[in-house]
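This report refers to the structure that appears directly beneath it.
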Amino acid sequence: MALTKITNITGRGIYLPGDDVDTDRIIPARYLKCVTFDGLGEYAFFDERFDTEGSAKLHPMNEARFGGASILLAGSNFGCGSSREHAPQSLYRYGIRAVLAVSFAEIFFGNSIQLGMPCLTLERQDIEKIAAIIEQNPATPVQIDIAATKITCGGEIFKAGLPEGSRSGLVDGRWDPIAELLENNENVDRVMRALPYMDLRK
Amino acid sequence: MNEQKNLFEKVWDAHDAGRLSSGRTQLIIGTHLIHEVTSPQAFGMLRDLGLAVRCPHRTFATVDHIVPTNEREEPFSDPLADEMIRELRRNCKDYGITFFDLPSGKQGIVHIVGPELGITQPGTTIACGDSHTSTHGAFGAIAFGIGTTQVRDVLAAQSIAMDKLKVRRINVNGRLSPGVYAKDVILHIIRTLGVKGGIGYAYEYGGEVFDRFTMEERMTVCNMSIEGAARCGYVNPDATTFEYLKGRPYCPSGQEWEEAVSRWSSFASDADCSYDDLVEIDAADIAPTVTWGINPGQAVFINENIPDPEKLSAGERETAREAIAHMALTPGAPIIGTPIDVAFIGSCTNGRLSDLQEAAHYLKGRRVAPGVKAIVVPGSQIVSAIAEKQGLDEIYREAGFEWRGAGCSMCLAMNPDKLVGDQLCASTSNRNFKGRQGSPTGRTMLMSPLMVAAAAVTGEICDAREVFGVETAASQ
């Protein structure tokens, strides 16, 4: 399976302040009642964006000036809680192509990388600086150089963090490991045969 | 050199199938648990790619998240729930996977079913598309939640790409006071280390309190490891573990049992192994704990006051302000006396037999306060059957609780059990996130089953030790 090499992402930014944004907030559980991920984009942050009557609340994702943004900026421990892949899937289908945050919850991070939506960490002050730039002028492009783990915005360059395995996976087009996991069948078999509970001896 | 290793390293090494080109490890997943919410898309991907299930005999399914707890016959009133069950049934049939379906008598929350059937075993790797898979670590397994694309990976390749975690040993020594439970221990650990404290770590729980804990208590603690950001948490296997497992349907028997115990024991952390971090907690410092906020780390002891966000550190302040606003609580006021609308006993955290027994013991002869809706949801059909045999259902009904069928229920409200409006729920579940219990404005306070029972009978958050006169409760 040839995957796209994800080396550079450029887009408008949108900042959702706050730490510990959990996956229930990213997509409320009632929208998990589905057998495909199609159509989840419209439910991203649904209860943060709309009140119980369905009226739009004050929220960056409801502001026209941030329309079309594809780079999400957030605080620490973003995506904590549930392992539901519906969370990154809904963001991706909403139009988000990368997330920049102070830190990420691990399952969310892994789910995002595996669907080709890079998650990079930045110092809090840098997140806030970029947020200030896009607040001033939402049209300012946020440029992400995945290979160099570097963000450019408003003429400034910020150093970002991305574990090497994820970085090289994205850059080399190997962010979805399924092909390689399957190729390695012989090794898998050898390891499994040494594990009695796998019940492969017979 | 005689290399001393901890359990995590031993289990990891035994399941390491080599390095992928990304530098990550291809980790064999020995036991794969699946449920209706996070698996259908994975089977869809499998079909799109024309792949088979690598080890159907190591894959076990049940239905828990969306099953109604008050109607057990299909079709359910929610056609989407019906569709999800049918989809899982079809996938299990097509791929030859064992399915503990509703009529099986073994259905229940996946993290309760695995252990009670003996599928969960020491020294194994267990994955499930559910973050509370950490529960199974109680048996000395490396167990963690995965996303749906990884569910596909495990189905197709019986393995995933993963980076090794660091290990933090958490010792809880001393004695817990009467009325203090495993739930209080884990809420206290999360409060102490923070909701992001565990990023990058597996938690190894040990010390005198864990040595004395039953398997069900260990499961309650391991279950909430993820709430402290640790993807997995575990307790080393010991005699308590083996005694629990002996005779369970999926456990070895006879000669094979002896071999299994000896192999399982060998996975326990070596006496002089090293850890990436070590935390010491004194059991005597832990009191019944209640959350006041919108993440499980925002908790206080029952005799403490609700914090004033303005007095918290800069890092905690913003979330605390948001929490106080959502919860409609008064900063600085005692947490005791907060009125509740709903009481919920259940979930993969506290829906096991001992949880239901403990609360029932004290509820005998008491009545739920007027205006409080109280429900108890056994974690599995097996738990339910044993509890009913012991007459617990009658005790709960007489006290004014609704006795329901097994499922996740009001922990995440994917079935009809939901909060309405801004109802406040005293809950034995694991997450107090905004909107978690089904109403965007609903409010959740997490606590032990006994504390929920006490809140149910008084109609407000209270100290269960005083309400029930807990003094001699067999405490650890």
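Nothing in this text is a laboratory measurement; each read-out follows from the coordinates by a stated rule. Please read these numbers as outputs of a predicted model, since none were measured by experiment. Cβ sites come from the backbone with ideal geometry, for glycine too, and all protein chains shown count toward neighbours.
General observations
- Over chain B, relative contact order from alpha-carbon pairs under 8 Å, at least 6 apart, %: 17
- Under the convention that each Lys and Arg Cβ holds +1 and each Asp and Glu Cβ holds -1, the size of the dipole of chain B around its Cα centre is about 680 debye.
- Measuring r between the beta carbons of B:Ala333 and B:Leu49 and using R0 = 56 Å, the FRET efficiency lands at 0.50.
- Spin-label model distance (nm) - B:Asp82 vs A:Lys159, 7 Å beyond Cα toward Cβ: 6.0
- Relative counts (whole %) of C-alpha pair distances in the protein assembly as shown, using bins that are 10 Å wide: 3, 16, 28, 28, 18, 6, 1, 0
- Helical contribution to [θ] at 222 nm, DSSP H n ≥ 4, -39,500 (n - 2.57), averaged over chain B, rounded to 500: -9500 deg cm²/dmol
- Exposure proxy shown here: for A:Cys119, B:Cys128, the number of other Cβ atoms within 10 Å sets the order, fewest to most, as A:Cys119, B:Cys128.
- Kirkwood Rh, Cα atoms: Rg over Rh of chain B: 0.95
- A simple spin-label model places the labels of B:Arg248 and A:Gln125 5.1 nm from each other, with each point 7 Å out along Cα-to-Cβ.
- Here the Karplus relation 6.51 cos²θ - 1.76 cosθ + 1.60, evaluated at θ = phi - 60°, turns the backbone of segment B:178-189 into coupling constants of x, x, 10, 10, 3, 4, 5, 4, 6, 4, 5, 4 Hz, with x for every Gly and Pro.
- Segment B:159-251 - Rg and Dmax from Cα coordinates, angstrom: 14.0, 44
- Here B:His136, A:His86, B:His57, B:His326 are placed in order of increasing Cβ neighbour count within 10 Å, fewest first, which gives B:His57, B:His326, A:His86, B:His136.
- Net charge of neighbours whose Cβ lies under 13 Å from the Cβ of B:Arg352, counting Lys and Arg as +1 and Asp and Glu as -1: -3
- The helix-only estimate of mean residue ellipticity at 222 nm for chain A, built from DSSP H runs of length n ≥ 4 each weighted as -39500 (n - 2.57), is -8000 deg cm²/dmol after division by the residue total.
- Along its principal axes, segment B:7-277 has C-alpha extents of 52, 48, 44 angstrom, given from the largest down.
- Proximal charge balance of B:Thr428 [Cβ under 14 Å; K/R count +1, D/E count -1]: -2
- Note on segment A:8-175: Kirkwood hydrodynamic radius from all Cα pairs is 15.9 Å, rounded to one decimal.
- Fewest-first sequence of B:Trp403, B:Trp292 by Cβ atoms within 10 Å of each Cβ: B:Trp403, B:Trp292
- Modelled FRET efficiency - R0 41 Å, A:Ser55 with A:Ala179, Cβ distances, 0.05 increments: 0.30
- Label-zone membership for segment B:433-473, site B:Leu312, 7 angstrom Cα→C-beta point, backbone N under 14 Å: B:433-434
- Amide N of segment B:143-169 lying under 14 Å from the label point, which is placed 7 angstrom from the Cα of B:Asp94 along Cα→Cβ: B:152, B:156
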